[in-house]
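Accompanying notes for the structure given below.
Read-outs: derived from the displayed coordinates by stated rules, not from any lab. Keep in mind it's a predicted model, so treat the numbers as computed, not measured. Using ideal geometry, Cβ is built from the backbone for each residue, glycine included, and neighbour counts are taken over all protein chains shown.
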Amino acid sequence: MNKEGGIVTQTMPEDYAEKADTLDLRLKHIKVRILNPVDIILTKVGRCNRKDIDDILKIAKKYKIEKQDLMNRFDEYLKSYDGSKNALKGNFRHVCEILYE
């Protein structure tokens with residue numbers, strides 16, 4: 001949710017579920033999946049507010065996310081992004097500068 005109470009959505013790359021981790025909750029009819037760390041980071045790039053940046057820094061550090069992995073996956077996000085691709089690219093450059101320079 002955003003601060004106004006609206007839900008922010010984003011189209012995921014087609015293979016996001018395959019890349020997601022499955023939690024073993026021992027449920028018969030429900031599978032619970034968690035996005036992989038790179039996908040979590042990239043879902044935060046679109047909005048890219050201070051909280052998102054803090055989350056991105058923590059995730060990248062904990063999971064030792066390589067720049068090239070992030071760049072390769074970003075290309076997939078860009079293909080399906082419905083908003084301003086230039087704004088998304090700018091946010092992504094900003095995140096990469098913070099993480100890797």
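The table below gives the values:
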| quantity | calculated |
| --- | --- |
| Tilt relative to the chain, helix 67-80 - C-alpha long axis, 0 to 90 degrees, to 10 | 80 |
| Count of Lys pairs (Cα-Cα under 21 Å; at least 8 positions apart or interchain) in the chain | 28 |
| Prolate/oblate/rounded label for the range 16-100 (Cα gyration tensor, a/c 1.5) | prolate |
| Only Lys, Arg (+1) and Asp, Glu (-1) charged, at Cβ; the chain dipole about Cα centre in debye | 320 |
| Under the Karplus curve 6.51 cos²θ - 1.76 cosθ + 1.60, θ = phi - 60°, whole-Hz ³J(HN,Hα) for the range 39-47, x wherever Gly or Pro sits | 5, 4, 4, 5, 5, 8, 5, x, 7 |
| Listed peptides 55-61, 26-32 by packing density, highest first (mean Cβ within 10 Å) | 55-61, 26-32 |
| In degrees, nearest ten, helix 85-100 long axis to first principal axis of the chain (Cα) | 90 |
| Among 63-70, 17-24, the order from most to least packed when residues are scored by Cβ within 10 Å on average | 63-70, 17-24 |
| Relative contact order (%) - criterion: Cα under 8 Å, at least six apart; region: the range 10-60 | 28 |
